[in-house]
1. With each label point set 7 Å from Cα along the Cα-Cβ vector, what nm distance links residue 33 and residue 1?
2. How far apart, in nm, are the 7 Å Cα→Cβ label points at residue 20 and residue 56?
């Protein structure tokens, strides 16, 4: 049975809300780690910082660095995870603060 367009729109709205919540959690996690690493004290242009984040994401996506910060490397996401995508997207002028 096909779903009516109203029901599909409601599902889309619910999923968009879930996505916003997940992005907020990921942004907060990345932000906490960045501050812990001292990035909050460095004056750097967003484009340079974005490039550095992209390099780190690529390194972990390619698997050339087995270190994940977890004991035994368990739970590593094979595609680098959405949080790296968010880190790149967060500095592109989104309507939310990370």
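1. 4.5
2. If labels sit at residue 20 and residue 56, their model points lie 2.7 nm apart.
No lab work stands behind these numbers, since they all come straight from the coordinates. Just so you know, these numbers come straight off a predicted model, no measurement behind them. Don't worry about glycine lacking a Cβ; one is built from the backbone with ideal geometry, like all the others, and counts go over all protein chains shown.
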